[in-house]
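For reference, the structure is listed below as structure tokens.
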Amino acid sequence: MTFLIPPVARPGDCLHAVDTPALVLDLPGFERNLDRMQKFANAHHMALRPHGKAHKCPAVAHAQIARGAGGICCQKASEAAAFVAAGIGDVYVCNEVASPEKAGWLARLAAKATISTCVDDLRQVHWLGEAARRCGTRLTVLVEVDIGHGRCGVANHPDLLALARQITAWPELTFGGLQAYHGQMQHVRSRTERRRIATEAAKRASDFVHALREAGISCPKVTGGGTGSVEFDAVSGVYTELQAGSYAFMDADYGRDEWQGAALSFEPALFVFARVMSTAAGRHVVVDAGLKSFAMDSGLPVAAEADCGWTYAGISDEHGILKPVNGGQLPELGQTVRLIPGHVDPTFNLYDEIVGIREGRVECVWEISARGASR
Ligand SMILES: *Cc1c(COP(=O)(O)O)cnc(C)c1O
């Protein structure tokens, strides 16, 4: 049946020809976001290794690396495989593997690219060491430390030292330093509060580094930071590498963070195009993008134009309800609307491709190759 269904967009199309629902990237805004972050990292002598778990798209990773990123982060071994297959030469899985089999996938990938990952358990070190020995490859292994998030990572210095020593004991493994990420703080609304949490987190990370130093183990890098905290992480004196990801796109949830006075901020560049499919009700209209087009963990999508006269007020599987605000006009049947997703990461995972636009035209259609790669 696919012969009946054309692609969502083709390069050269005008915007009206983009089928819906579509995940659409405003290329000039996206490129400004990439440039801002890279310049900021350079100015602070920080390595930048953007997180790819949001976009899952090799073309985006290539654009980040072309601007100076040293490689990318991802979260899953299968995601790493998709990026390596697309020619990304340096991939860091900044998450623990859950089985010896997955350690094996990473060790095999290491024959084709520079692969690193992190651990918080001696058994993971063993899986990785054995796998690398079997494959005849090398892996760089960092230790994840808990700097306040309270999810993964070792919480005390003796556990860190035991892991670092164990990693060093394997000739196939290189101790890569510390994974120090605090996810919860990224979405704390108040900038003052984010600064306070980031400062405490950096202090904990710094204590871990000192514990290594006192034990005579050098710490090649400290990596972490997300879009909400990079401005603080970069000046902490602890981090050497930043791994923000959402900054390239932004979303409604990051839009609700307070950015007043921030050392750097970013613009929304990722939209879902939806089309009005029913106006029969009169008091509202219905668009063709619902729960299967937007992740809802961070709330409803919001209109890209603040003064458009309507709001996305209700959602079900394939439907979205637009209601007028302040006596505003609703769009007509067949009209396209632009929406900012609540949370970009799980929204990307709902689409096969990104439609890149510039000056009113489709410039490119990029495959989201690691879409669904959750293993
Ligand atoms: C998601 C994630 C990031 C990036 O966070 P953003 O908020 O998307 O910038 C960085 N590091 C780790 C470990 C993550 O899971």
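The values are calculated or read from the model by the stated rules, or taken from the named source; none is laboratory data. None of these values were measured; they are calculated from a predicted model. Backbone-built Cβ (ideal geometry, glycine too); neighbour counts: all protein chains shown.
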Seminar exercise, completed: Restricting region 236-248 to residues that are near the ligand (Cβ under 9 Å from one of its atoms) and part of a loop (DSSP other than H, G, I, E, B), the one surrounded by the fewest Cβ atoms within 10 Å (Cβ to Cβ) turns out to be G245
Problem set entry | Close pairs (7 angstrom Cβ cut-off, 6 or more residues apart or separate chains): farther than 15 Å from C57 by Cβ in region 12-39, outside any helix (DSSP H, G or I) and at pLDDT below 95 anywhere | R36/L264
For this session: Count, please, the residues in region 15-53 that happen to be part of a loop (DSSP other than H, G, I, E, B) and more than 23 Å from E318 (Cβ to Cβ).
Result: 7
Exercise. Looking at region 169-182, which of its residues are more than 17 Å from V222 (Cα to Cα) and in contact with a strand residue (DSSP E or B) (Cβ under 9 Å, 6 or more places away or on another chain)?
Worked result: W170, E172, L173
Exercise. Which one is surrounded by the fewest Cβ atoms within 10 Å (Cβ to Cβ), of the residues in region 326-353 that are within 16 Å of the ligand (Cβ to nearest atom) and more than 19 Å from A303 (Cβ to Cβ)?
Worked result: P346
Seminar exercise, completed: If we keep only residues of region 258-307 that are of a type in the set (S, T, N, Q) and at pLDDT 95 or above, then the residue farthest from E353 (Cα to Cα) is T279
Problem set entry | Of all residues making up region 317-356, the number that are part of a loop (DSSP other than H, G, I, E, B) and more than 26 Å from the chain's Cα centre (by Cα) | 12
Seminar exercise, completed: If we ask which residues in region 212-235 are part of a loop (DSSP other than H, G, I, E, B), away from the ligand (no atom under 15 Å from the Cβ) and at negative phi, their number turns out to be 6
Exercise. How many residues does region 94-116 hold that are in contact (Cβ under 8 Å) with a residue 40 or more places away in the chain and of a type outside the set (A, V, I, L, M, F, W, C)?
Worked result: 5
Exercise. Out of region 249-274, which residues are of a type in the set (F, W, Y) and assigned to a helix (DSSP H, G or I)?
Worked result: Y254
Exercise. Looking at (1) within 16 Å of the ligand (Cβ to nearest atom); (2) surrounded by fewer than 23 Cβ atoms within 10 Å (Cβ to Cβ); (3) hydroxyl-bearing (S, T, Y); (4) more than 21 Å from L350 (Cα to Cα), which is the only condition T311 fails?
Worked result: (1)
